[in-house]
Amino acid sequence: MAASTTTAPTEAGTTAATPGKAPGKVRPRGQRSPLASFGLHATLAAAAVIAVFPVLWVLLTSLKPAQHAITTDFVKDPTLENYRYLVEETSFFTWFGNSLLVAGITTVLGVFIAATTGYAVSRFRFPGMKPLMWTLLITQMFPMAILIVPLYNLMGQLGLLNQPVGLIITYLTIAVPFCAWMMKGFFDTIPAEIDESGRVDGLTPFGTFWRLILPLARPGLAVTAFYSFITAWGEVAYASAFMVGDENLTLAGGLQTFVTQYTANWGPMTAASVLIAIPAAIFFVFAQRHLVAGMTAGATKG
């Protein structure tokens with residue numbers, strides 16, 4: 001009996017058949033099977049639901065009346081009473097203004113200090129450079145909680161307690177070390193020949209940095225600005241310890257007023273949480289196209 005065989009193709013792009021095996025459709029390399037594709041999309045959908053659910057639940061709770069605030073009902077008797085109470089019966093706008101002031105100044109100063117420090121360490125060699133880099137690295141190893149007492153004593157001695165300036169300085173100690181390391185890594189990716197061309201054209205080192213290097217460092221600057229803003233906008237521990245009185249509280253400290261030893265006013269607190277998230281979301285929308293490039297460059301070259 002003759003063995004069943006198939007002939008090899010004569011045209012390019014067709015699949016060669018093997019003896020004893022009928023020709024069939026071969027999946028191109030890298031293409032997933034329908035089952036694998038379904039599993040991947042199902043996993044991504046489940047992860048998205050898990051990530052979005054807490055935010056959605058806070059939003060829904062802010063629309064519930066007080067008697068239904070801790071129930072498991074998604075929507076029951078929706079109302080805007082919590083938002084009305086927040087705006088009319090509390091010092092929310094004062095807290096909002098204080099947070100905006102502190103976060104805005106922290107962002108501007110954080111970007112400037114981190115960018116100049118990162119550029120100096122990337123381009124120049126000077127006495128004390130290695131201790132400076134080690135200091136920036138070591139300061140990131142300490143948990144924020146253990147620094148509250150020494151910083152509180154220091155701010156008290158300087159007369160900066162219950163002052164926005166004290167809070168701004170505190171947030172800079174958190175944001176600048178990390179951002180300076182990241183900016184140093186980003187500046188390392190920019191060719192040094194650009195600096196040399198600036199000096200040939202008669203620019204000072206700061207002029208070269210300001211006019212030639214900074215425009216190329218926008219992704220890194222976007223990450224630095226976003227990190228500095230989020231650090232100051234959403235921080236709770238220092239804001240609660242260093243600031244007292246409704247006229248001085250930031251949003252993070254203002255949220256503490258809705259929680260007492262025995263009760264928690266969930267409606268206004270969740271309403272405030274929703275309103276607090278809006279500026280951060282807007283900032284993220286404007287910075288997002290630079291975030292991936294900036295964080296990747298800083299991480300891979302740092």
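Readers should treat all values here as calculations from the given coordinates under stated rules, not as data from a laboratory. Predicted model only: the values in this text are computed from it and were never measured. Note that we place each Cβ from the backbone using ideal geometry, even for glycine, and neighbour counts take in every protein chain shown.
GNM remark for the chain: springs join alpha carbons under 10 Å apart, and the peak mean-square fluctuation among Thr139, Thr263, Thr173 falls on Thr263. Mean sequence separation of contacting Cα pairs (under 8 Å, at least six apart), scaled by the length of segment 156-302, corresponds to a relative contact order of 39 percent.
Below 14 angstrom from the Cβ of Glu89, what's the summed charge of the other residues (Lys, Arg +1; Asp, Glu -1)? So the surrounding residues net to -2. Close Lys pairs in the chain, defined as Cα atoms under 26 Å apart and 8 or more places apart or on different chains, number 4. Principal-axis analysis of the Cα atoms of the chain puts helix 266-301 at an angle of about 60° to the longest axis. Using only Cα atoms, tell me the angle between helix 129-138 and the longest principal axis of the chain; keep it within 0 to 90° and round to the nearest 10. Relative to the chain, helix 129-138 is tipped by roughly 90 degrees. A straight line joining the Cα centroids of segment 254-285 and segment 108-176 runs 28 Å. Taking the longest Cα principal axis of the chain as reference, the axis of helix 34-62 is set at about 20 degrees. Between Leu154 and Thr263, the contour length at 0.36 nm per residue exceeds the Cα-Cα span by 35.8 nm. In a reduced charge model with +1 at each Lys and Arg Cβ and -1 at each Asp and Glu Cβ, segment 185-290 shows a dipole moment near 240 debye about its Cα centre. Estimated from helices alone, the mean residue ellipticity of the chain at 222 nm is -21000 deg cm²/dmol (sum of -39500 (n - 2.57) over DSSP H runs with n ≥ 4, per residue).
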